[in-house]
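Each reported figure results from applying straightforward, stated rules to the coordinates on display, with no laboratory input. Predicted model only: the values in this text are computed from it and were never measured. Counting neighbours? That spans all protein chains shown, and the Cβs are built from the backbone with ideal geometry, glycine included.
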Amino acid sequence: MHPNVNMNKIIIDHPTTERRMGVFTIEKRKYPRYNVELPLDYSRIEGKETYGGIVSNASEGGLLVYLPQRMEIGAVLKIEIFCIQGLELNMIKAIAKVAWANLATKESFNEYQYGLQFLYIEEKDFDRLLNLLKEIGK
């Protein structure tokens, strides 16, 4: 485990993927996704430089994000999502990995689409995420 990860964390269960007939992939999502547009700061787990991105949709298990850098699948990132809840600006911190990449999406604009899968998230941050998703889902 990374030394900066608090032991008071939640480990997220992830969706399963099932193949049928060797042609289609049918994904059974464990959590519903919600469309959002939120700013995100991230850095590689071993890195010190912080970059900005955009969260396009969110669920209890992960995020769809647009980032300005090419990332390899499996890269582990420290992320901070910024959101307004009520009258407060909140931050949701987590450790996530790049689960999939669509590098062709907006490559001409130096913007790449990734699916991030939560690995670790502290309980207070997970509660903030659940509250945010509940607000969006209304």
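Roughly what would the spin-label model give for Lys134 and Gln85, points 7 Å off Cα along C-beta, in nm?
Result for the modelled spin labels: 0.9 nm.
Give me the Å³ per residue figure for the convex hull around the C-alpha atoms of region 33-136.
96 Å³
Do any of Lys48/Lys134; Lys48/Lys97; Lys97/Lys138; Lys48/Lys78; Lys30/Lys138; Lys93/Lys138 go past 22 Å between their Cα atoms, and which?
Lys48/Lys134; Lys97/Lys138; Lys93/Lys138
Multiplying the sequence separation of Lys30 and Ser56 by 0.36 nm and subtracting their Cα-Cα distance, what value in nm do you get?
Taking 0.36 nm per residue and subtracting the Cα distance, the gain is 7.5 nm.
Using Cα pairs closer than 8 Å and at least 6 residues apart in sequence, work out the relative contact order for region 33-136, in percent.
Reported as a whole number, the value is 25 percent.
Which order do Lys97, Lys138 fall in if you start with the one that has the fewest other Cβ atoms within 10 Å? Spell out each step's value before the answer.
Details: Lys97 18, Lys138 4.
The fewest-first ordering by Cβ neighbours comes to Lys138, Lys97.
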